[in-house]
Amino acid sequence: MENNVRLGIKYMIFASLLFAFMGAVAKELSDSMSSIEVVFFRNVFGVILILLSIYKSPLNQTGGKLGLLIFRGIAGFVALLFFFYNIAQIPLGEAMTFSKTSTIFSAIFAYIFVQEKLGFKGWIGVFVGFVGILFITKFDGSNLDKTDYLGILCGVGAGLAYTSIRELRKFYDSRAIVLSFMTIGTIGPLILLIIGEFYTNEKLDFLFAKFVMPNTNDWLFIILLGLFATFAQIFMTKAYSHAKAGIIGTISYSNIAFSIILGMFLGDAFPDIWIIFGILLIVVSGLLVSSKKN
């Protein structure tokens, strides 16, 4: 059992590092194309791999929740769209931290929609998490930047997606659930890019943009983006199969540290004291919420 836990921790550390590299590659690609286009390439790679997997080993499921399956795909796609936009606009570590607020929102949605008990420790975690968000956004009651509210909405979207998975896994093969997300995450950007050819709005640049043909160097980054995202998903899955979710969830926050370091190599400034404090509060919040049943 102890060996399994150690192996699970190693898998999660490696997955967190790969997710950080995925973010770094996405940030590099954003210099030559829109974040919408980056989302498209990130997902189309995964769709091909999952379809190959299904071809080799057909799905084994009962189905019957198509509406919820589509909802999961849309929620995940919207979260990814906002996440990749923030990666292009703000330091990588901050963008990753916003995505980690999904733990807070997932706990709230699970309490509301699936009557999952949160407990005193869980509610404390939710409160601490929202205080952490205030520090990261430096919200003083006057205004929020576009990246701030998109970061929060990224956490909300991911929280809704994760909550829906709790119900969907009773009816669908896990590959079908991921495929719904990646298929919508491939078709959605195509629609937005087509609209972007005829309509542009600076305030909605996270939704509409023109397609830019990737250059030779971009194709290398696109391949790396797909590889990092796919293998990160594989090793994360392996991690959760070897150790308790609470332990693996705790280790997954190493992704923020990796992202801050990689972001600095890409030119990001080191986070100021208020943002660091906000990041720490988000981590503590996630740990409290994850351990709410213990």
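Specify the residue with the greatest mean-square fluctuation among 63, 73, 226, computed from a Gaussian network of the chain linking alpha-carbon atoms under 10 Å apart.
Answer for the Gaussian network model of the chain: 63.
Could you line up 172, 111 from fewest to most neighbouring Cβ atoms inside 10 Å?
Placing the least packed residue first, the sequence is 111, 172.
List the pairs from 170/238; 65/238; 10/56; 117/138; 100/203 whose alpha-carbon separation is above 22 Å, in the order I gave them.
Pairs exceeding 22 Å: 65/238; 10/56; 117/138; 100/203.
For every helix of n ≥ 4 consecutive DSSP H residues, a contribution of -39,500 (n - 2.57) applies; sum these over the chain, divide by its total residues, and give [θ] at 222 nm rounded to the nearest 500 deg cm²/dmol.
Mean residue ellipticity, 222 nm, calculated: -26000 deg cm²/dmol.
Please identify, among 105, 45, 113, the residue showing maximal mean-square fluctuation in a Gaussian network model of the chain using a 10 angstrom Cα cutoff.
113
Which of the helices in the chain meet the span-like rule: DSSP H, Cα axial reach of 18 Å or more, Kyte-Doolittle mean at least 1.6?
Long hydrophobic helices here: 35-56, 66-89, 119-137, 174-196, 273-290.
I'd like the per residue volume of the convex hull spanned by the Cα atoms of segment 16-115, given in cubic angstrom.
Spread over its residues, the Cα hull of segment 16-115 gives 135 Å³ apiece.
Have a look at 267, 23, 129 and tell me which one the Gaussian network model of the chain (Cα, springs below 10 Å) gives the largest fluctuation.
267
Kindly rank 8-17, 143-152, 93-102, 208-217 from highest to lowest mean number of other beta carbons found within 10 Å of each residue.
93-102, 8-17, 143-152, 208-217
Compute the Cα gyration tensor for segment 58-140, then decide on rounded, prolate or oblate, letting a ≥ b ≥ c be the square roots of its eigenvalues: rounded whenever a/c is under 1.5, prolate when a/b is larger than b/c in the other cases, and oblate in all that remain.
The shape class here is oblate.
Here, each number is a calculation from the coordinates, and none is a lab measurement. If you're wondering where the values come from, they're calculated on a predicted model, not measured in any experiment. Counting neighbours? That spans all protein chains shown, and the Cβs are built from the backbone with ideal geometry, glycine included.
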